[in-house]
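See structure below.
Since every read-out is calculated from the coordinates, none of them should be taken as a lab result. Quick caveat, the model's predicted, so the values are computed rather than measured. All Cβ positions, glycine included, derive from the backbone under ideal geometry; neighbour counts span all protein chains shown.
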Amino acid sequence: MNGTINGGDSVAGTASGHFPHQPVLYQEVLDALVPKSGENYLDGTLGAGGHAEGILISSAPRGRLLGLDLDPEALAIARQRLFNFQDRTIIRLSSFLQAPEILREIGWQSVDGILLDLGVSSMQVDRSERGFSFMDDGPLDMRFNQQVGASAADLVNTLSKKELAEIIWIYGEERYSRRIARAIVEKRPIHTTRALAQLIKEAIPEYAAHIHPATRTFQALRIATNQELETLSSALPGLVKSLKSGGRIAVISFHSLEDRIIKRFFRRESKDCICPPEQPVCTCDHVASLKILTKKPIRPTEKEIKENPRSSSSRMRVAEKLMNT
Ligand SMILES: C[S@@+](CC[C@H](N)C(=O)[O-])C[C@H]1O[C@@H](n2cnc3c(N)ncnc32)[C@H](O)[C@@H]1O
């Protein structure tokens with residue numbers, strides 16, 4: 001594929017379809033990364049390994065893949081799915097933020113393609129004991145790795161009213177953030193998803209939107225619990241440094257906050273000068289390292305949304321590492 005990538009009308013599907021997470025924009029990811037035999041790929045959010053499997057099939061017989069995920073349960077599923085490719089696959093329990101160190105450890109100087117498919121998988125959302133969903137009752141956890149760090153319950157039960165309102169407002173774009181934060185502080189401790197969802201429902205007026213009243217708050221708490229936006233912002237520069245000249249990075253996001261970070265980063269890295277426009281002479285010494293291949297993000301087709309409604313909010317941006325950078 002040359003030049004700009006447009007949203008495809010290609011058929012979304014996987015080579016093996018019996019895993020609990022259906023990869024989104026599957027064919028579009030393969031069209032963007034153009035995997036080839038002999039090349040090395042990084043899947044920074046391995047999940048159930050659906051995209052990884054596609055990359056390994058397309059890069060047969062000698063393409064290799066490093067797959068990372070923070071969730072040990074996801075990695076167990078991915079190992080099973082990628083069993084037939086084990087001689088070409090390395091799987092590690094890690095954040096994609098640590099990808100440059102891991103690449104050094106395994107002796108890969110750089111990679112030809114990188115995929116980040118951000119957010120949660122169906123395995124995570126559908127298992128009530130992970131605490132991501134307000135549809136079932138479960139512990140208010142929401143961590144990608146349940147062994148590490150503070151859970152959503154820890155945040156809800158310890159942060160101040162002001163801090164909670166800020167999280168719910170900024171990460172959830174929830175207009176009733178202050179009311180919800182006040183209700184949380186009045187009713188805590190809160191330990192379950194159902195208790196929190198019920199409290200939110202009671203705290204805000206009859207909801208005009210078509211979504212469940214707890215949707216935005218749950219999104220906000222998940223983002224805060226896993227420090228998703230900070231991780232993405234901090235990881236992108238290192239990931240792009242790890243790309244070979246001509247290599248591509250594809251990032252799939254599921255909400256506007258993530259998409260904005262990716263868009264701004266790609267835009268900045270595609271410019272030779274990032275001085276303020278009013279400055280007459282360039283003093284920044286910035287050198288462009290990326291060419292943007294998606295002027296607008298690639299969205300799922302109607303067909304994909306019908307087959308997999310969870311794909312509906314996905315969008316993918318793709319960029320290519322410039323030569324000699
Ligand atoms: C949408 S799923 C990926 C699905 C995968 N592409 C597939 O085809 O099965 C997102 C995955 O990213 C993982 N994840 C989220 N943040 C991460 C991070 N900072 N580093 C590594 N994995 C992360 C989650 O645990 C989850 O398994």
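From the alpha carbon gyration tensor of the chain, can you work out the equivalent ellipsoid semi-axes (sqrt of 5 times each eigenvalue) and give them in Å, largest to smallest? Numbers along the way, then the final one.
Details: eigenvalues 230, 121, 69 Å².
Result for the chain: semi-axes of 34, 25, 19 Å.
Can you list the DSSP H helices in the chain whose Cα atoms extend at least 27 Å along the helix axis and whose mean Kyte-Doolittle hydropathy is 1.0 or higher? Length and hydropathy pass: none found.
Across the range 194-262, Cα-Cα pairs farther apart than 17 Å form 57% of the total. Each principal axis of the Cα atoms in the range 262-325 has its own extent, and those three values, largest first, are 52, 28, 14 angstrom. The mean of 1/r over all distinct Cα pairs in the range 19-142, once inverted, gives the Kirkwood hydrodynamic radius of 14.8 Å. For the listed residue pairs 161/295; 271/296; 187/306; 244/306; 161/241, the alpha carbons are over 29 angstrom apart in 161/295; 187/306; 244/306; 161/241.
For the pair residue 182 and residue 198, the difference between a 0.36 nm per residue extended length and the Cα-Cα distance amounts to 4.3 nm. Between residue 175 and residue 80, the simple label model (points 7 Å from Cα in the Cβ direction) yields a spacing of 4.5 nm.
Please state, rounded to one decimal and in Å, the Kirkwood hydrodynamic radius that the range 196-325 gives when every pair of distinct Cα atoms enters the mean of 1/r. All intermediate terms of the calculation are to be shown ahead of the outcome.
On the way: mean 1/r = 0.0572 Å⁻¹.
Result for the range 196-325 stands at 17.5 Å.
Taking the charge dipole of the range 203-319 about its Cα centre, with +1 at Lys and Arg Cβ atoms and -1 at Asp and Glu Cβ atoms, the residue from 212, 292, 313 reaching farthest to the positive side is 292.
Using the Kirkwood radius built from alpha carbon pairs, what does the Stokes-Einstein equation give as D for the range 96-220 at 10 °C and 1.306 mPa s, in µm² per second? Translational D for this selection: 99 µm²/s.
All other residues whose Cβ lies under 12 angstrom from that of residue 215 are scored, Lys and Arg at +1 and Asp and Glu at -1, for a net of +1. Using bins 10 angstrom wide from zero, how does P(r) for the range 245-297 break down, in % of all Cα pairs? With 10 Å bins starting at 0, P(r) equals 22, 44, 27, 6.
As an exercise, use a Förster radius of 51 Å and the Cβ-Cβ distance of residue 161 and residue 57 to find the FRET efficiency, rounded to the nearest 0.05. Intermediate values should be presented prior to the final figure.
Working: r = 51 Å, r/R0 = 1.01.
Between residue 161 and residue 57 the formula returns 0.50.
Once you divide the Cα radius of gyration of the range 55-107 by 2.2 N^0.38 Å, the number left is 1.13.
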